[in-house]
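Enquirer: First, the structure itself, so that you have it in front of you.
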Amino acid sequence: MRRKAMFTVGRKKKGRRPFQHVVLRRLRELKKIVPDAEDADVDMLLRRTADYICVLELKVTVLRRLSTIYGM
């Protein structure tokens, strides 16, 4: 299964959105996912996203260790 490219190089095909619109749409989606990021600019959004990823990884680690302790 091939992955779709995030952007294309060369001629624009009909029906494709410009790369900037795709990036802006993904940033809006990211603002909905990351806590306290609704009013953040791009730099702050990316920092908060990185922090949120670290928090989620820590939660997964804790839950995995708890599951091994309690045998679930």
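Read-outs: derived from the displayed coordinates by stated rules, not from any lab. Since the structure is predicted, the reported quantities are computational estimates derived from the model, not experimental observations.
Enquirer: If each residue of separation counts as 0.36 nm, what is the full-extension length gain between residue 70 and residue 58 once their alpha-carbon separation is subtracted?
Expert: 2.5 nm
Enquirer: Between residue 43 and residue 23, what is 0.36 nm times their sequence separation minus the Cα-Cα distance? Round to one decimal in nm.
Expert: 5.8 nm
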